[in-house]
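The values are calculated or read from the model by the stated rules, or taken from the named source; none is laboratory data. No experiment lies behind these values; they were computed from the predicted model shown. So basically every Cβ, Gly included, is an ideal-geometry build from the backbone, and we count neighbours across all protein chains shown. We work out accessible area using only protein heavy atoms, side chains counted, and drop any ligands, DNA or RNA first. Shrake-Rupley method; radii C 1.70, N 1.55, O 1.52, S 1.80 Å.
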Amino acid sequence: MNELAARSLATLKGVGPKTAERLAGMGLHTVEDLLFHLPFRYEDRTQVAEIGRLRPEQHVVVEGEILRTDILFSRRRSLLCSIRDHSGQINLRFFHFNAQQKNSLEVGQQVRVFGEVRVGSTGLEFFHPEYVVAVDGALPQLERCLTPVYPTTDGVHQRTLRGAMEQALAVLRQFPPKDLLPADGAAAHLPSLRDALLTLHAPDPDDGIDALLGGTHPALQRLVVEEMVAHQVVMLARRAGQKALGAPALQGERLFRQLRESLPFQLTGAQQRVIEEINTDLAQPSPMLRLVQGDVGAGKTLVAAAAALNAIESGYQVALMAPTELLAEQHHASFQRWLAPLGLEVAWLSGSLGQKARREVESALSEGRAGLVVGTHALFQERVQFQRLGLTIIDEQHRFGVHQRLALRDKGRSQQQVPHQLVLTATPIPRTLAMSVYGDLDTSVIDELPPGRQPIETLVLPASRRADVIARVHAAARSGTQIYWVCTLIEESDSLQAQAAEATWQALCEALPDLTVALVHGRMKPAEKAAAMARFAGGEAQLLVATTVIEVGVDVPNATLMVMENAERLGLSQLHQLRGRVGRGAEQSYCVLLYQPPLSLTAKKRLAVMRETTDGFRIAEEDLRLRGPGEWLGTRQTGELSLRIADLMRDEELVEPARTLAARILSEQPDAAKALEKRWLKGSQDYLDV
Ligand code: ADP
Ligand code: MG
């Protein structure tokens with residue numbers, strides 16, 4: 001039994017029921033939990049600084065003699081205490097104080113002070129510093145270790161946490177945990193877990209605060225590696241669990257060959273390669289778990305069609321799920337166009353479908369009459385059943401979570417067999433990050449755009465140039481091309497977005513009376529939306545005013561100009577996704593980013609990146625740098641990541657070694673794998689639900 005995990009925090013001195021409850025609220029129940037609760041900052045209280053050399057914002061210890069202690073009655077009543085050492089003089093200021101405190105700061109006494117140096121009304125001051133007054137002329141010994149500062153919660157003081165931690169460290173010394181990582185893998189040359197924890201909670205000044213916080217200190221790396229290994233253990237176990245389930249071996253290549261021959265263009269080399277990778281997977285009697293990454297416009301839909309046709313030809317059903325109704329509709333239209341000549345029908349299922357139509361589709365699916373269904377979230381509702389689901393395709397996976405992917409898969413689960421899974425994403429994720437987020441998937445990359453595509457030219461203009469932009473829209477429409485006008489509002493309220501789009505639509509209709517202007521926004525009925533899109537896609541409307549609902553997937557190659565309002569409010573990947581709606585044909589395309597000055601520094605950077613490049617990978621990297629992985633991936637993905645100590649950006653180069661080590665531990669030491677999972681991922685049980 002693991003002593004550290006067995007001992008509850010309530011057994012520690014100074015941790016009463018109330019505190020224990022508050023700690024539990026932070027996920028800290030046992031001594032082990034507490035030991036893995038790392039400081040987010042350290043203070044160096046091991047040395048005394050000279051008062052004469054202080055700078056604002058330093059956190060320092062000083063010692064001096066008390067010169068005077070007065071209550072001031074200026075704007076706000078305060079206690080001011082002046083102290084002096086050989087190098088200079090500084091004031092301590094307290095706004096909350098009592099008589100006893102005033103008396104204890106007795107003139108002539110030595111005092112040691114710890115606090116942040118601030119600029120106050122008398123020059124440099126300490127506001128509410130911690131301090132000790134000498135007893136019998138003597139100050140206590142200085143700290144010998146760096147002082148940890150822990151993340152905490154209302155009602156739990158640092159003092160309480162530090163007190164509890166000291167006891168936890170004593171338990172750790174007495175019952176050192178077993179090292180779960182082999183000594184010769186990614187953790188070679190790193191300290192044992194016991195030593196790493198002791199260092200992190202009570203580092204030597206020589207350990208260096210920067211190294212400890214910056215992630216380069218071996219003690220921190222020891223924990224990072226272990227957490228990443230635990231994470232990869234779970235990913236690999238989930239993968240192995242899925243692979244063990246088995247899947248139908250599919251080998252139909254005739255239908256797709258037929259489709260390919262009817263296309264007015266050739267597949268790109270990258271598309272061919274990825275289709276081959278997929279077909280190789282599908283031919284196996286174990287489920288494919290494949291992520292296809294490709295920049296916007298790379299032609300992922302056709303790759304999905306190849307997989308779908310393989311399954312259909314082999315006598316299995318296929319479900320394709322997209323995150324928005326609009327995108328699902330586009331896929332439905334593309335697939336219908338491609339599959340009708342082959343004599344195949346494409347079923348449609350979304351939440352907005354009427355009762356009767358819905359029931360019809362449902363029975364066609366459950367009776368096996370429909371081979372391919374395209375739809376939205378409606379697809380994984382309980383009442384939807386398939387007769388022989390052999391392949392699931394999910395577009396823009398980052399909009400879904402792993403569990404939704406698995407829920408759809410389970411529609412085709414029979415005894416020991418599940419459907420193959422194909423996931424498409426236009427969010428190009430750096431390799432190591434993909435390994436962490438989509439750790440159970442194999443990855444294929446479509447790293448080539450169809451030929452003849454010219455990079456979109458991007459202009460960044462202040463909103464005051466709106467009239468010029470409208471003139472440009474007019475000229476573009478007259479020359480026969482089509483234009484998107486995207487309204488953005490950061491307030492994610494559908495109704496506000498819709499209002500803004502309607503107002504813009506109105507204004508543009510008035511400014512451009514000879515154009516037909518269509519409008520789509522999230523508040524419209526699906527049929528209205530579809531009708532508006534159809535008018536635009538069919539060329540009847542030259543201008544489409546839209547909210548960000550058109551962000552993903554919409555495909556109208558004749559549109560070569562996009563105007564985005566308030567572009568400064570959008571993140572890089574969103575800008576890139578939106579911009580990807582143009583540049584889909586052979587014509588030169590343009591994107592005008594209108595912004596409302598003044599621009600923040602990051603907004604300026606984002607717009608500059610957009611102007612400089614159309615390379616999705618570069619944009620993703622910049623975006624990741626500007627935002628960090630948590631926000632970048634969105635809550636769904638990070639919820640599953642939930643790394644406590646490791647930082648995917650900072651610790652990127654540890655991901656691969658961690659994966660290698662995880663694979664080894666799973667095969668050689670299954671018990672250690674279980675223990676790692678238990679230590680690091682408790683509470684996320686469904687991780688392993690394969
Ligand atoms: P995405 O990868 O963004 O989903 P799509 O699948 O929507 O891209 O494809 C973008 C456009 O490129 C579509 O109009 C599609 O028909 C077209 N396309 C796909 N593959 C090729 C190709 N090899 N050559 C020319 N055009 C292609
Ligand atoms: Mg797409």
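Kindly indicate which of L197, L220 is open to solvent by less than 30 Å² (accessible area, probe 1.4 Å), within 22 Å of K674 (Cα to Cα) and not charged (D, E, K, R).
L197
Any idea how many residues of region 117-170 are without any contact (Cβ under 8 Å) to a residue 40 or more places away in the chain and under 16 Å from P203 (Cα atoms)?
3
Out of (1) within 16 Å of ligand 1 (Cβ to nearest atom); (2) over 24 Å from P248 (Cβ atoms); (3) outside the structural domain of E540 (by TED's automatic domain parsing), what's the single condition that is false for Q482?
In the conditions (1) within 16 Å of ligand 1 (Cβ to nearest atom); (2) over 24 Å from P248 (Cβ atoms); (3) outside the structural domain of E540 (by TED's automatic domain parsing), Q482 misses (3) alone.
When V374 is evaluated against the numbered criteria (1) out of contact with any helix residue (DSSP H, G or I) (no Cβ under 6 Å at 6 or more places or on another chain); (2) within 15 Å of ligand 1 (Cβ to nearest atom), which criterion, by number, is the only one it fails?
(1)
Test V582 against the criterion of being buried (at least 21 other Cβ atoms within 10 Å of the Cβ) and in a loop (DSSP other than H, G, I, E, B), and give yes or no.
yes
Just the residues that are over 25 Å from T602 (Cβ atoms), touching a strand residue (DSSP E or B) at 6+ places or on another chain (Cβ under 8 Å) and within 16 Å of ligand 2 (Cβ to nearest atom), please, taken from region 550-582.
Selection gives G553, V556, A559.
Only residues that are touching a strand residue (DSSP E or B) at 6+ places or on another chain (Cβ under 7 Å) and over 22 Å from R254 (Cα atoms): list them for region 335-357, please.
Selection gives W348, L349, S350.
Taking the conditions exactly as written (open to solvent by 20 Å² or more (accessible area, probe 1.4 Å), touching a helix residue (DSSP H, G or I) at 6+ places or on another chain (Cβ under 9 Å) and touching a residue at least 40 places away in the same chain (Cβ under 8 Å)), does A5 satisfy them or not?
yes
Out of region 426-470, which residues are open to solvent by less than 60 Å² (accessible area, probe 1.4 Å), away from ligand 2 (no atom under 16 Å from the Cβ) and over 25 Å from H403 (Cα atoms)?
Passing the criteria: G452, I456, T458, L459, V460, L461, P462, A463, V469, I470.
Could you go through region 283-293 and let me know if any residue there is in the same structural domain as G351 (by TED's automatic domain parsing), within 11 Å of ligand 2 (Cβ to nearest atom), aliphatic (A, V, I, L, M) and closer than 28 Å to P451 by Cα.
The answer is yes; a qualifying residue exists.
For region 588-602, give me the residue count where each residue is crowded, with 18+ Cβ neighbours inside 10 Å and farther than 18 Å from D468 by Cβ.
Count: 1.
Can you tell me how many residues in region 270-300 are open to solvent by less than 40 Å² (accessible area, probe 1.4 Å), within 16 Å of ligand 1 (Cβ to nearest atom) and not in a strand (DSSP E or B)?
Matching residues across region 270-300 total 11.
Would you check if T560 is of a type in the set (V, I, T), part of a helix (DSSP H, G or I) and open to solvent by 10 Å² or more (accessible area, probe 1.4 Å)?
No, not satisfied.
Residue by residue, here is whether (1) within 16 Å of ligand 2 (Cβ to nearest atom); (2) at pLDDT 95 or above; (3) at positive phi holds:
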| site | (1), (2), (3) |
| --- | --- |
| P264 | no, no, no |
| T280 | no, yes, no |
| D295 | yes, no, no |
| A305 | yes, yes, no |
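Looking at region 28-38, can you tell me whether even one residue there is loosely packed, with under 15 Cβ neighbours inside 10 Å and assigned to a loop (DSSP other than H, G, I, E, B)?
Scanning region 28-38 turns up no residue that is loosely packed, with under 15 Cβ neighbours inside 10 Å and assigned to a loop (DSSP other than H, G, I, E, B).
Which of the residues that make up region 309-334 are closer than 23 Å to V445 by Cβ, within 14 Å of ligand 2 (Cβ to nearest atom) and either open to solvent by less than 20 Å² (accessible area, probe 1.4 Å) or in contact with a strand residue (DSSP E or B) (Cβ under 9 Å, 6 or more places away or on another chain) (or both)?
Across region 309-334, the qualifying residues are L320, M321, A322, P323, L327, H331, S334.
Could you list, in sequence order, all residues of region 313-372 that are of a type in the set (D, E, K, R), part of a helix (DSSP H, G or I) and out of contact with any Gly (no Cβ under 7 Å at 6 or more places or on another chain)?
If the condition is that a residue be of a type in the set (D, E, K, R), part of a helix (DSSP H, G or I) and out of contact with any Gly (no Cβ under 7 Å at 6 or more places or on another chain), then E325, E329, R337, K356, R358, R359, E360, E362 are the ones that fit.
So, in region 390-402, exactly how many residues are closer than 28 Å to G297 by Cβ, away from ligand 1 (no atom under 16 Å from the Cβ) and either modelled with pLDDT of 75 or more or open to solvent by 10 Å² or more (accessible area, probe 1.4 Å) (or both)?
Going through region 390-402 one residue at a time, the tally reaches 2.
Test A308 against the criterion of being within 16 Å of ligand 1 (Cβ to nearest atom) and either farther than 30 Å from R581 by Cβ or assigned to a helix (DSSP H, G or I) (or both), and give yes or no.
Spelling it out, A308 is indeed within 16 Å of ligand 1 (Cβ to nearest atom) and either farther than 30 Å from R581 by Cβ or assigned to a helix (DSSP H, G or I) (or both).
Just to be sure I understand, how many residues within region 403-435 are under 25 Å from Q271 (Cα atoms) and away from ligand 1 (no atom under 16 Å from the Cβ)?
The total comes to 11.
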